[in-house]
Amino acid sequence: MENRRVALVTGASKGIGRAIAIRLAQSNIDIVINYNRDLEGVKKTQGKCNRFGVRTEILQGDMSKEEEVNLVFERIVDRFGKLDILINNAGITKDGLLISMKGEAFREVLEVNLFSAFYTMKLASRIMARNRFGRIINISSIVGIRGNAGQVNYSASKAGLIGMTKSLAKEMASRNILVNAIAPGFIETDMTDKLDDKVKEKILEEIPVKHFGKPEDIGNLVNFLVSDEANYITGQVISIDGGMNI
Ligand code: NAP
């Protein structure tokens, strides 16, 4: 049997996660497709990945809960025997100004966007260290670099991911485990679809290339970062934002 690499993509039932899963499948990588609630969406992701003839497995799990992450990893080891690539993509927003933000909204966003990566990276690092190979990509955000009014919770979680990325890159580099973060600008998905048209117009004015990004743009960058062509890149935060953060 062909010994393909195995990747876990968290939150791959739609949007950026789905595009990453499909792009990696196209590169002949077996894909563990995680989702939390959207079974219909995740099946669509799987169908598209299957077209490339790789092995795929859907694993449900709320990545903000350590017990559920543990179960997902137990199943990965059981079914694939290893994990080569981890993409921490699962994320949510709960926007509002700090003065009126409830502690719950702060905590929930931190748990889904940041604690999830702590749980997954801990388990993945152990498996990867044994095999002396690993590629971890954390999907951060431009907002984690420059902040955004109405998103203290989200920007804290995304800045936290950047700190974790750099620290883990230093901890694991000697075992051939490379850890990088991606900072997307505005990508057209369900997450950004919620914003009203006036807000979108204002954001567009800030983007030098004058259009929003697509989930596939992120899929292509992730595909490069996990490929052998990126073997000398670790601990970096790569912006992909049409110039928004220049
Ligand atoms: P999206 O369309 O809202 O999709 C979010 C995905 O995360 C869904 O698959 C969802 O799964 C999953 N998810 C949410 N909570 C989860 C949990 N507790 N456990 C497991 N999965 C969970 O969002 P997107 O725009 O594709 O964003 C993907 C990532 O990119 C996020 O981390 C986001 O912060 C980041 N990002 C997005 C943009 C942008 O402009 N869109 C910009 C910068 C960064 P279910 O539907 O099954 O619950």
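The values are calculated or read from the model by the stated rules, or taken from the named source; none is laboratory data. In this text the structure is predicted, and so the values were computed from the model without any measurement. Positions of Cβ are generated from backbone atoms using ideal geometry, with glycine treated the same way; all protein chains shown enter the neighbour counts.
Examine region 40-56 for a residue that is away from the ligand (no atom under 14 Å from the Cβ), charged (D, E, K, R), over 27 Å from Phe212 (Cα atoms) and touching a residue at least 40 places away in the same chain (Cβ under 8 Å), and state whether such a residue exists. Yes, some residue in region 40-56 is away from the ligand (no atom under 14 Å from the Cβ), charged (D, E, K, R), over 27 Å from Phe212 (Cα atoms) and touching a residue at least 40 places away in the same chain (Cβ under 8 Å).
For region 171-199, filtered to residues that are more than 11 Å from the ligand (Cβ to nearest atom) and in a helix (DSSP H, G or I), the residue that is nearest to Val143 (Cα to Cα) is Val199.
Condition test on Ile16, is it among the aliphatic types (A, V, I, L, M), modelled with pLDDT of 95 or more and within 15 Å of the chain's Cα centre (by Cα)?
Yes; evaluated as a whole, the condition is true for this residue.
Pull up region 86-97, narrow it to residues that are within 12 Å of the ligand (Cβ to nearest atom) and closer than 24 Å to Asn131 by Cα, then point me to the one that is surrounded by the most Cβ atoms within 10 Å (Cβ to Cβ). Here the answer is Ile87. Annotation for region 148-170: at least one member residue is surrounded by fewer than 23 Cβ atoms within 10 Å (Cβ to Cβ), within 11 Å of the ligand (Cβ to nearest atom) and without any contact (Cβ under 8 Å) to a residue 40 or more places away in the chain. Kindly indicate whether any position in region 205-216 is more than 10 Å from the ligand (Cβ to nearest atom), among the acidic types (Asp, Glu), assigned to a helix (DSSP H, G or I) and touching a residue at least 60 places away in the same chain (Cβ under 8 Å). So far as region 205-216 goes, yes, one or more of its residues are more than 10 Å from the ligand (Cβ to nearest atom), among the acidic types (Asp, Glu), assigned to a helix (DSSP H, G or I) and touching a residue at least 60 places away in the same chain (Cβ under 8 Å). Inspect all residues belonging to region 67-85 and state whether any of them is within 12 Å of the ligand (Cβ to nearest atom), touching a strand residue (DSSP E or B) at 6+ places or on another chain (Cβ under 7 Å) and farther than 21 Å from Glu216 by Cα. The answer is yes, given that some residue of region 67-85 is within 12 Å of the ligand (Cβ to nearest atom), touching a strand residue (DSSP E or B) at 6+ places or on another chain (Cβ under 7 Å) and farther than 21 Å from Glu216 by Cα. Give region 136-147 a look and list any residue that's within 12 Å of the ligand (Cβ to nearest atom) and buried (at least 24 other Cβ atoms within 10 Å of the Cβ), or say none. Within region 136-147, Ile137, Asn138, Ile139, Ser140, Ser141, Gly144 qualify.
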